[in-house]
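Colleague: Structure provided below as structure tokens; questions to follow.
The values are calculated or read from the model by the stated rules, or taken from the named source; none is laboratory data. The shown structure was predicted, so the numbers you read here are calculated from the model rather than taken from an experiment. Please note: Cβ atoms are built from the backbone with ideal geometry, for glycine as well, and neighbour counts cover all protein chains shown. Note: accessible area is taken over every heavy atom of the protein model, side chains too, but ligands, DNA and RNA are not part of it. Shrake-Rupley method; radii C 1.70, N 1.55, O 1.52, S 1.80 Å.
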Amino acid sequence: MIVCLGRIVQDTDADSIPDDDVSTLSESLDLQGTIESGGITGVAGKDFGGLYSVKPLALIKPSGTEDIARVVKAASQTSHLTVAARGNGHSINGQAMADGGFVIDMRSTEENHFKPLTIDGSHYIDVSGGALWEDVLRRCVSMFRLAPRSWTDYLSLTVGGTLSNAGVSGQAFRFGPQTSNVTELEVVTGKGEITVCSATQNSELFFGALGGLGQLGIITRARVKLQPAPDMVRWLRVVYTEFEEFTRDAEFLVTQEEGESFDYVEGFVFSNSDDPINGWPSVPLDPDHEFNPAYIPQTASSVLYCLEVALHYRNSDRPSTVDTAVSRLLERLGFIQRLKFQLNVSYVEFLLRVKQVEEHAKANGNWDSPHPWLNIFISKSSIVDFDRTVFRKMLKDGVGGPMLIYPLLRSKWDSRTSVVLPEGEIFYIVALLRFVPKGPTVEKLVAQNHEIIKWCNKEGLDFKLYLPHYQSKEDWKRHFGNQWTRFVERKTSFDPMAILAPGQKFFKRTHTIKP
């Protein structure tokens, strides 16, 4: 096997593997799945960010976990091959790429696992790491009237992909991120070993792989917690002029007990203008809703703030009961009373709300344009300074897409995972989700992202990048802080030759296992 693999690697440019070599490679690896040639123009050489492109040696479409293990083992017996797991290609900075290496298309394994379980009276679902969350949602609701507890805003992402980062949305204040809502994983390590792990079995791999950015293993199966799925959602948006009032109300809502708050809490910043993308028109939930700027006080600044909340309910609940519950929660909030928008939608429709945005973006060509996004966790102690300089000055005209901001609770996260967070119980996620055309504008916006991070460092803000991407080991050390040593020890245990996830630019590939 290695002789054949070595010949192909040495004699063939990664941009194009001849058909006979693809066939030889497939036979030498003894895969049940298929292999396609790589190339910079293929799907494996690019991602959603559109900022980087590389030439992988080949795109592997495995039939299952055994195929993935064979590929990793084969790579480990060469001097330089690397392996990257690619979910739905939604990374921003080339994290799921492997220059000159193997890219594993996890989507080909999506149907391998879908098994409901009841353990000690609690419900779970075993799903493939390559399954899309939107498919998990639809199947669980339609078949069992159950659903996972924690989500991301966009659900056309793979289970393994989000669990390798964290997975956050407006439910995370109550249930924690998606990494806090799994109880068992099946993982292929950098040694090519297939390992089942949990909090009590192979726990270092379990917690290390969760939020591990693909560095410690490829998640091929996950056991996800389920709960009864509601039928409907009352979806609301309310507007604020003052950041302090917006954050006070958001923090109040996320610190209340279940039943004493909304079931979903998010928020975003928008420009105090009539810009159709960045301004007032981005707030209403329905085309028939009108945003009347006459209700905005003359003293308002260059940006405004929108608190977005949702309450779950059953079809059997009386409308008056839902109205009363919503009114009771809203009466404690200090928003502009006449700038309130609400809509009743099904639970599934609400969770798939970004799907409509995707379809619209694809229709107008923006979906395939570059996306220089920036995602940051910022502590409560630093968020006012961030608003004052970044939102109100640097980004006062918007970013061509949503500028999300909402609070999360550190106590809902497990410190044993590889995710790193700022200090304090309350911290915010800030997501600058740009949609821009190709050209010089992209470079300008990437530079602006760097400027924001540089300013945060200069001012001493307490923050951590979410979905991080750095170019040097020193930057990664700074990112992990006092968790760096633990992460390196886990890397040494589970991927000692640094074969996995080369696009993260963590560690250099080694020829042999370090003693």
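Colleague: Where the centroid of each part is defined by its Cα atoms, how far is the range 442-515 from the range 361-437 in Å?
Modeller: Spelled out, the Cα-based centre of one part sits 18 Å from the other.
Colleague: Something else: Compute the angle between helix 2-11 and the longest alpha-carbon principal axis of the chain, please, reported from 0 to 90 degrees and rounded to the nearest 10.
Modeller: 70 degrees
Colleague: Relative contact order for the range 114-228: what is it in percent, counting Cα pairs under 8 Å that are at least 6 residues apart?
Modeller: The value is 32 percent.
Colleague: P(r) of the range 69-109 in 5 Å steps, Cα pairs, percent per bin?
Modeller: Result returned by the calculation: 5, 25, 29, 22, 13, 6, 0.
Colleague: Between residue 119 and residue 200, what FRET efficiency follows from the Cβ-Cβ distance if R0 is 22 Å, with the result rounded to 0.05?
Modeller: The computed FRET efficiency comes out at 0.95.
Colleague: Which value, in debye to the nearest 20, describes the size of the charge dipole of the range 114-228 about its Cα centre when Lys and Arg Cβ atoms bear +1, Asp and Glu Cβ atoms bear -1, and nothing else is charged?
Modeller: That gives a dipole near 280 debye.
Colleague: Subtract the Cα-Cα distance of residue 364 and residue 472 from 0.36 nm times their separation in residues, and report this length gain in nm to one decimal. Walk me through the numbers before you get to the answer.
Modeller: Working: separation 108, 0.36 × 108 = 38.88 nm, distance 3.70 nm.
Answer, rounded to one decimal: 35.2 nm.
Colleague: From the Cα trace of the range 232-465, what convex hull volume per residue do you get, rounded to a whole Å³?
Modeller: Here the figure is 146 Å³ per residue.
Colleague: Something else: Give me the dipole magnitude in Debye, nearest 20, for the range 232-465 about the Cα centre, with unit charges on the beta carbon: positive for Lys and Arg, negative for Asp and Glu. It would help to have the intermediate numbers written out before the result.
Modeller: Numbers: 26 positive and 33 negative charges, 82 e Å.
About 400 debye.
Colleague: For residue 147, what residues show an amide H to amide H distance below 5 Å, using hydrogens built from the backbone and excluding near sequence neighbours?
Modeller: 227, 229
Colleague: Another question, if that's okay. Just to confirm the filter: which trypsin sites (Lys or Arg not before Pro) across the range 82-161 are DSSP coil and have at most 13 other Cβ within 10 angstrom of their Cβ?
Modeller: 145
Colleague: How much mean residue ellipticity at 222 nm does the chain get from its helices, if each DSSP H run of length 4 or more adds -39500 (n - 2.57) and you divide by all residues, to the nearest 500 deg cm²/dmol? Let's see the in-between values first.
Modeller: Values: 15 runs with 146 residues, N = 515.
Computed mean residue ellipticity for the chain: -8000 deg cm²/dmol.
Colleague: Counting only DSSP beta bridges with both residues in the chain, tell me the antiparallel percent, nearest 5.
Modeller: In the chain, DSSP labels about 90 percent of beta bridges as antiparallel.
Colleague: Using square roots of five times the C-alpha gyration tensor eigenvalues, list the equivalent-ellipsoid semi-axes of the range 114-228 in whole Å, biggest first.
Modeller: Ellipsoid half-lengths, sorted descending, are 21, 15, 13 Å.
Colleague: Determine the dipole magnitude for the chain: charges of +1 sit on the beta-carbon of Lys and Arg, -1 on that of Asp and Glu, nothing else is charged, the reference point is the Cα centre, and the result goes in debye to the nearest 20.
Modeller: That gives a dipole near 920 debye.
Colleague: Quick one: Karplus J couplings for the range 78-83, per residue in order, coefficients 6.51, -1.76, 1.60, θ = phi - 60°, nearest Hz, x for Gly and Pro?
Modeller: 10, 8, 8, 5, 10, 9
Colleague: Turning to a different aspect of this structure: Using a/c under 1.5 as the rounded threshold, could you call the range 123-185 rounded, prolate or oblate? The axes a ≥ b ≥ c are square roots of the C-alpha gyration tensor eigenvalues, and prolate needs a/b larger than b/c, oblate otherwise.
Modeller: The shape class here is rounded.
Colleague: Report, in whole Å, the centroid distance computed from the Cα atoms of the range 226-267 and the range 42-83.
Modeller: Each part reduced to its Cα centre gives a spacing of 41 Å.
Colleague: With every protein chain left in place, what is the accessible area per residue of the chain in square angstrom, probe 1.4 Å?
Modeller: 42 Å²
Colleague: Please work out the Cα convex hull volume for the chain and give it in Å³ per residue.
Modeller: 148 Å³
Colleague: Quick one: the Cα spread of the range 186-264 along its three principal axes, in angstroms, biggest first?
Modeller: The Cα atoms of the range 186-264 stretch 54, 31, 20 Å along their principal axes.
Colleague: Something else: Give me the percent of accessible area attributable to carbon and sulfur for the range 232-465, probe 1.4 angstrom.
Modeller: Answer for the range 232-465: carbon and sulfur cover 48 percent of the accessible area.
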